[in-house]
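Read the figures in this text as sums done on the coordinates, not as results from a lab. Computed from a predicted structure; not experimentally measured. Here Cβ is always computed from backbone atoms with ideal geometry, including for glycine, and neighbour counts include all displayed protein chains.
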Amino acid sequence: MKLKLISVMIVLISGLAGNASGIESLRGMKPLDGSSGKVEVKKVPKDGDLIQRNYVQQPPLIPHKIDGYQINLDFNKCMSCHSWSRYKETGATKISQTHFKDRDGVDLATVSARRYFCTQCHVPQANAKPLVENTFKPVEAISQ
Amino acid sequence: MNSSKKTGRLAKYSAGTLLLGGIVLGIILWGGFNWALALTNTEKFCISCHEMKDNVYQEYKNTIHYNNRTGVRATCPDCHVPKDWTHKIVRKIQASNELYHKLLGTIDTREKFKEHRLELALHEWKRMKSVNSRECRNCHDYEYMDFVAEGRRAVKAHSEGLDQGKTCIDCHKGIAHQLPKGWEKAAKDAGL
């Protein structure tokens with residue numbers, strides 16, 4: 001109990017000290033219950049070229065707008081272009097075969113439940129600058 | 001005897017008075033009819049039933065026909081009721097069936113609605129297709145569609161669709177409401 005109390009005290013004191021020393025969070029020197037200021041809503045382009053992947057096995061990014069697309073138990077809008085039965089006609093990238101396996105590696109006839117909600121991994125892109133500097137580089141031998 | 005008595009009663013009024021009376025009565029009745037008709041052609045009227053308000057209206061609120069950058073909206077009757085008089089009256093008379101099912105409570109719970117929504121959607125898709133998506137074209141006219149201003153995917157789909165003589169609803173199902181389970185097969189089987 002005493003130990004717990006001391007650790008809580010340390011966290012609290014270091015928190016206060018941190019603020020005093022001018023360490024800034026990503027949302028700036030703003031009180032927790034305050035607003036972080038005006039945020040510009042980023043716009044996703046209507047359509048674009050395929051976006052290069054940044055690293056091996058990165059889920060391909062969505063190069064178009066997906067506003068209002070229905071992805072639920074009843075229907076998956078993405079599949080009306082990206083399914084194997086439609087991709088040729090629509091010119092879309094077809095859904096990967098890996099998406100038809102369950103977590104035990106068993107092949108399925110339909111998209112696996114764990115892969116069904118496309119936007120869990122695949123996302124559209126907006127022209128947003130990174131919040132922090134990033135020096136990440138992909139492994140050369142297996143990129144490109 | 002009776003008829004001559006009636007003629008006698010009417011004869012009390014001059015032709016001018018009768019004509020004037022007829023005109024006034026006509027304005028009141030015809031005006032009243034059109035007023036009532038217009039009243040049933042509003043979104044407010046449509047969502048006065050919880051069946052519409054709790055189901056289709058909620059879904060529609062997330063779509064571009066409800067909420068968009070310019071604030072131009074297409075409300076329920078813009079898509080679901082024909083604009084010109086003859087077709088409007090025909091549709092309004094058909095809608096008496098909807099009143100009947102309102103009384104029966106055919107879709108008065110979410111579960112019942114979900115059970116019936118594929119059938120209901122098929123009805124509307126059939127109607128739309130049979131009139132060459134007339135209600136869509138009240139606003140969206142191929143003639144004035146500027147393909148240059150469209151996105152790449154839209155240009156491809158629209159120019160191909162135009163070549164194949166497709167109608168809006170052939171591709172744009174679920175544009176303002178969510179699509180029910182198994183709709184693709186059902187629509188295909190129904191030739192939609």
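Check the range A:54-73 and report whether any residue there is within 14 Å of chain B (Cβ to nearest Cβ), in contact with an Asp or Glu (Cβ under 7 Å, 6 or more places away or on another chain) and not β-branched (V, I, T). For the range A:54-73, residues within 14 Å of chain B (Cβ to nearest Cβ), in contact with an Asp or Glu (Cβ under 7 Å, 6 or more places away or on another chain) and not β-branched (V, I, T): present. Among residues of the range A:69-92 being exposed (fewer than 13 other Cβ atoms within 10 Å of the Cβ) and not aliphatic (A, V, I, L, M), the one that is nearest to the chain's Cα centre (by Cα) is A:N72.
For the range B:144-163, the condition holds for no residue, the condition being that it is charged (D, E, K, R), in contact (Cβ under 8 Å) with a residue 60 or more places away in the chain and within 14 Å of another protein chain (Cβ to nearest Cβ).
Restricting the search to the range A:85-106, which residues are outside any helix (DSSP H, G or I) and within 14 Å of chain B (Cβ to nearest Cβ)? Those that are outside any helix (DSSP H, G or I) and within 14 Å of chain B (Cβ to nearest Cβ): A:S85, A:R86, A:G91, A:A92, A:T93. Please verify whether B:L99 is surrounded by 14 or more Cβ atoms within 10 Å (Cβ to Cβ) and either closer than 20 Å to A:Q70 by Cβ or under 17 Å from the mean Cα position of the chain (by Cα) (or both), treating the condition exactly as stated. When the stated conditions are applied, B:L99 does not pass them. Right, B:L179: within 30 Å of B:W85 (Cβ to Cβ), over 17 Å from the mean Cα position of the chain (by Cα), of a type in the set (A, V, I, L, M, F, W, C) and buried (at least 16 other Cβ atoms within 10 Å of the Cβ) or not? No: the conditions fail for B:L179. Suppose we keep only residues that are in contact (Cβ under 8 Å) with a residue 40 or more places away in the chain and not in a helix (DSSP H, G or I) within the range B:177-192. Which one would you say is farthest from B:E59 (Cα to Cα)? Filtering the range B:177-192 for residues that are in contact (Cβ under 8 Å) with a residue 40 or more places away in the chain and not in a helix (DSSP H, G or I), the one farthest from B:E59 (Cα to Cα) comes out as B:A190. When restricted to residues that are assigned to a helix (DSSP H, G or I), in contact with a helix residue (DSSP H, G or I) (Cβ under 9 Å, 6 or more places away or on another chain) and within 16 Å of B:V90 (Cβ to Cβ), the range B:127-144 contains 4.
Touching a Cys at 6+ places or on another chain (Cβ under 9 Å), farther than 22 Å from B:T86 by Cβ and not charged (D, E, K, R), is that true of B:I169? It is false that B:I169 is touching a Cys at 6+ places or on another chain (Cβ under 9 Å), farther than 22 Å from B:T86 by Cβ and not charged (D, E, K, R).
Every residue, every condition in (1) surrounded by fewer than 16 Cβ atoms within 10 Å (Cβ to Cβ); (2) within 14 Å of another protein chain (Cβ to nearest Cβ); (3) of a type in the set (V, I, T), yes or no:
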{"site": "B:N62", "(1), (2), (3)": "yes, yes, no"}
{"site": "B:Y66", "(1), (2), (3)": "yes, yes, no"}
{"site": "B:Q94", "(1), (2), (3)": "yes, no, no"}
{"site": "B:W125", "(1), (2), (3)": "no, no, no"}
{"site": "B:M128", "(1), (2), (3)": "no, no, no"}
{"site": "B:N132", "(1), (2), (3)": "yes, no, no"}
{"site": "B:C139", "(1), (2), (3)": "yes, no, no"}
{"site": "B:C168", "(1), (2), (3)": "no, no, no"}
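For the range A:74-84, filtered to residues that are in a loop (DSSP other than H, G, I, E, B) and touching a residue at least 12 places away in the same chain (Cβ under 8 Å), the residue that is farthest from the other protein chains (Cβ to nearest Cβ) is A:C78.
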